[in-house]
Amino acid sequence: MESYLAQINMPEIGSLGQAKLSQAKVLVVGAGGLGCPVLQYLAAAGIGNIGVIDNDVVSNHNLARQTLYDERDIGQAKVLRAAEKLSVRYPHLSITPHFARLEEHLALSLVASYDLLIDCSDNIETRYLLDQCCSELQKPWIFAAVAGFEGMVSVFNYHKKIRFNSFFGAANFNSEMLSCAASGVLGSTCAFGASIQVSEAIKVIVGIEPVLEGKIFSFNLQQHVYRVLSLNQS
């Protein structure tokens with residue numbers, strides 16, 4: 001526990017909260033620009049059990065923003081390299097890599113194994129599937145999307161059981177609007193969004209209020225604009 005003294009000294013966390021973090025089981029969906037800092041911050045916070053699912057391999061163009069990897073990792077599975085590196089850095093950590101895409105045939109059984117899900121994917125189809133599984137299994141999940149200097153974060157299916165699909169239905173949004181693939185993204189934007197996701201994850205695990213359920217935190221790092229907006233459920 002000495003490693004986490006700064007957290008334990010926070011009245012919102014304390015020894016009991018840190019124990020909850022050490023027992024938590026968190027699945028990170030995606031090991032890219034958002035996933036790398038999310039994995040690092042979760043492990044550093046003392047989360048005891050982390051799963052990570054991704055079917056991609058490391059490419060040269062990933063290295064500028066996906067800071068878990070280096071040139072020696074090019075061509076290798078992201079989840080395997082991430083798990084190996086985090087296990088060395090954090091011996092307490094139990095980390096399980098899933099070298100696969102989150103698809104219907106395995107999603108429900110995989111989601112059932114975890115207490116909390118963190119979306120670090122880059123496509124809306126994965127988010128719809130995650131939303132469906134978390135709703136069916138009554139699991140909270142934390143959404144983020146980033147592009148350029150901008151991003152947004154929210155929490156779904158927590159106390160109020162609010163669903164992602166209620167706000168981000170196909171009628172109102174297309175795949176490109178919630179993806180950085182077309183517009184590009186800064187590594188610092190990913191890290192900022194990831195830090196909000198992990199803060200919300202810690203709050204959900206420990207039981208700290210309020211969380212971003214029914215609200216969305218949006219940010220623009222170029223214009224220095226930060227907002228918390230209430231979402232009207234459709």
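Bear in mind these aren't lab numbers, they're just calculated from the coordinates by the rules spelled out. Note that the structure is predicted; figures quoted are calculated from it, not measured. Cβ coordinates were reconstructed from backbone atoms using ideal geometry, including for glycine residues, and neighbour counts include every protein chain displayed.
Beta-bridge orientation, the chain: approximately 50 percent antiparallel, per DSSP, counting only bridges with both partners inside. Summarising the label geometry, the points placed 7 Å from Cα in the beta-carbon direction at Asn232 and Arg89 lie 4.3 nm from one another.
Evaluated at 4 °C with a viscosity of 1.567 mPa s, what Stokes-Einstein diffusion coefficient in µm²/s does region 29-71 have when Rh comes from the Kirkwood expression over alpha-carbon pairs? The calculation lands on 118 µm²/s. The label point for His105 and the one for Gln222, both projected 7 Å from the Cα toward the Cβ, are 4.2 nm apart. Take the Cβ atoms of Met1 and Thr67, set R0 to 35 Å, and the FRET efficiency comes out at 0.80. For Lys20, list the aspartates and glutamates whose Cα falls under 15 Å from its own Cα; do not include residues on the same chain fewer than 8 positions away. Qualifying aspartates and glutamates at Cα under 15 Å: Glu12, Asp115, Glu200. Using a cutoff of 8 angstrom between alpha carbon atoms and counting only pairs six or more residues apart, the relative contact order for the chain works out to 20 percent.
Cα to Cα, under 23 Å, and not fewer than 8 places away if on the same chain: which lysines meet these conditions relative to Lys85? Once the sequence-local lysines are set aside, what remains near Lys85 is Lys25.
The value obtained for the chain, namely the Cα convex hull volume divided by the number of residues, is 122 Å³ per residue.
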